[in-house]
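Participant: Below is the structure I would like to discuss, written out as structure tokens.
Readers should treat all values here as calculations from the given coordinates under stated rules, not as data from a laboratory. Quick caveat, the model's predicted, so the values are computed rather than measured. So basically every Cβ, Gly included, is an ideal-geometry build from the backbone, and we count neighbours across all protein chains shown.
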């Protein structure tokens, strides 16, 4: 059997090569503008600026093939003279030849496990994801495809039986979704739904108009993925617009990049439609993760996948080994099906709807691809080799219960109000099941409120005096439960009035307040209030836990009034005590200081002089003590009494400060006069001071 398949493959390569050359040559002749005979009609696609006008085309002897809704265009056949005339019509946007497209496989003679699709299968086989294979059809009777086949359309023969008469489309379909049925092969997404959109004939060639019709069919029938292992070297406005329309409608499109590459990997030779921005262009790699030498390269290349010697389903219930970017393309399309069927990753859920869309899946495929070649994107491998295991990773099993925090009142708390709000905040990464929240008070369910934004669960009520027990049960959206138990006590009874308040004078700045201690077992502290007027406005000055308080920093010779109250652990405050008062003592007299002496002398320095004045400060005690830190202010009158120099300085530990004038040539009488001495907490006594001294130089 294997030998037969290889021989079939060799023969197919030869036949395909001949057909391809003929078709390509034919395409070149048409594009080059070889004139058709007047009686002949040319297959074209006519784009309109507004709504398509089939009547206009029929009036020009046109045969209508398709009137599209996906684009404002009509596929038809027209005489050359009609084409020339219609090009001048203001309603016509473009007229382009209905060019041919071809399958993009080369027959040579591996791929599901390389992209780790089988790692995903235990939990995800792509069930129900709708994949359109726009190709040569599908052998829908094949035992490896029949259960996944869901229908399609044959645009080559215009019927609902898109049977493959070439093998190429069946091969691609098997790569996407061959069944996991213990026979033959297994596809990337073995439970995806396959739809055959036949646009290529038995020779593997077809027309752009049919591909556009196939894309429109895919939109109309709710496809999620389009796989196109076909291509053309010629651009087409209608095909580009159709691909854009499908992508904008939410379909993810894949196309083979083409087999037009060269061994050196140079040039930009990616085919259409893979070249369009709305389509993901897929290149081919071999078993060593190297680019197949014939795989097309260029700026549009987005991903790479196995494309050399790929064994898959084939027509007439057989299997075959083929190579080409045609085989790489369905590997990526199948991976996309696995992603669509997986739990959405919140990082990629850009619209927050909890499900994948085409743009999100495209980003996921890019971000999880295995980087090959040059770091980052490159023109040989795009973003890298598609990785099904990473792209459609198994959803992590959430076993983490919700968190319950912010218990109010706190566990063990004493509160002093009967009207209270009981609350807690619940949170969970997978969300809270609001219906699961149950709050009980003393074992009875209460009607709570729940804020879905903040997670606050609360209940307000008037509570009786005494202890209360609360239970809160909650589950997350995957049924992980959590429970919080807490209790608190309502105490609205204040302590008794404080008695026996007495105040004693300790100094000019301190009064001591004491009182008889309260006997309540839940006593917490006392509040001490003070005023400077009897019965006036009292201010809280201290909250001691003992029945004693020293009030310091007071003003001398001032009467202060006090009241004291008791506060329990629940925060209840008792009635303040009766008022008690006391007057601070008189302020002590400040010490005095004076100038004990002023000494002056001079020193000759060359032809000049320096004049020195030393001032000594002492206190008024007997015997006198030197005073340090005093600021001395001095005025020096120069000879002739025409100029006065002012100084200030601070006495050192020896009670002295020295001032220097000069050097100067000025000779005569110098007089030093102390004008003041300042030191905080001291009084300067000028009457006891030596205030002036003179010296003649």
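Participant: Mark the label point 7 Å from the Cα of residue 608 along Cα→Cβ and return the residues of the range 625-660 whose backbone N is within less than 15 Å of it.
Facilitator: Output list for this probe position: 660.
Participant: Give me the distance in nm between label points sitting 7 Å out from Cα along the Cα-to-Cβ direction at residue 548 and residue 678, one decimal.
Facilitator: Using points 7 Å along Cα→Cβ, the separation is 4.3 nm.
Participant: Expressed in nm to one decimal, what extension gain is obtained for the pair residue 147 and residue 516 from 0.36 nm per residue of sequence separation less their Cα-Cα distance? List each step's numbers first, then the result.
Facilitator: Values: separation 369, 0.36 × 369 = 132.84 nm, distance 9.37 nm.
Full extension of this stretch gives 123.5 nm more.
Participant: Neighbouring Cβ atoms within 10 Å as the yardstick, rank 659, 161 fewest first.
Facilitator: Details: 659 18, 161 12.
Ranked by crowding around the Cβ, least crowded first: 161, 659.
Participant: For every helix of n ≥ 4 consecutive DSSP H residues, a contribution of -39,500 (n - 2.57) applies; sum these over the chain, divide by its total residues, and give [θ] at 222 nm rounded to the nearest 500 deg cm²/dmol. Don't skip to the answer; put the middle values down first.
Facilitator: Values: 10 runs with 114 residues, N = 697.
Rounded to the nearest 500, it is -5000 deg cm²/dmol.
Participant: So for 76, 329, fewest C-beta neighbours within 10 Å to most, what's the order? Mind dumping the intermediate values first?
Facilitator: Details: 76 25, 329 35.
The order, fewest Cβ neighbours first, is 76, 329.
Participant: To the nearest µm²/s, what D does Stokes-Einstein give for the range 535-647 at 25 °C and 0.890 mPa s, using the Kirkwood radius over alpha carbon pairs as Rh?
Facilitator: 117
Participant: For a label point 7 Å from the Cα of residue 374 along Cα→C-beta, name the residues of the range 237-278 whose backbone N is under 16 Å from it.
Facilitator: Correct set: 264-269.
Participant: Shifting gears a bit: Out of all DSSP beta bridges in the chain, what portion is antiparallel? Express it as a percent rounded to 5. Write down the numbers at each step before the final one.
Facilitator: On the way: 128 of 160 bridges.
Around 80 percent antiparallel, to the nearest 5.
Participant: Cα convex hull of the range 511-574: how many Å³ per residue?
Facilitator: On the way: hull volume 5.5 nm³, N = 64.
Expressed per residue, the convex hull around the Cα atoms of the range 511-574 is 86 Å³.
Participant: For residue 628, put the label point 7 Å out on the Cα→Cβ axis and report which residues of the range 581-616 keep their amide N under 16 Å from it.
Facilitator: Backbone N within reach: 616.
Participant: Let me ask you something else. Please report the antiparallel percentage of DSSP beta bridges with both residues in the range 499-583, rounded to the nearest 5.
Facilitator: On the way: 25 of 25 bridges.
Here the antiparallel bridges make up roughly 100 percent for the range 499-583.
Participant: Right, next: Could you tell me the calculated FRET efficiency between residue 438 and residue 157, based on Cβ-Cβ distance and R0 = 60 angstrom, to the nearest 0.05? If you can, show how the numbers build up before the last one.
Facilitator: On the way: r = 65 Å, r/R0 = 1.08.
About 0.40, to the nearest 0.05.
Participant: Using only the Cα atoms of the chain, what do you get for the radius of gyration and for Dmax, in Å?
Facilitator: Spelled out, the Cα radius of gyration and Dmax of the chain are 49.6, 143 Å.
Participant: Tell me, 316, 144, 357 in order of fewest to most beta-carbon neighbours within 10 Å? Write out the running numbers ahead of the final one.
Facilitator: Details: 316 11, 144 26, 357 17.
If I rank by nearby Cβ atoms, fewest first, I get 316, 357, 144.
Participant: Still on this structure, please answer the following. Obtain the nm distance between the two label points defined at residue 592 and residue 289 by a simple spin-label model: each point lies 7 Å from its Cα along the Cα-to-C-beta direction.
Facilitator: It works out to 10.0 nm between the two label points.
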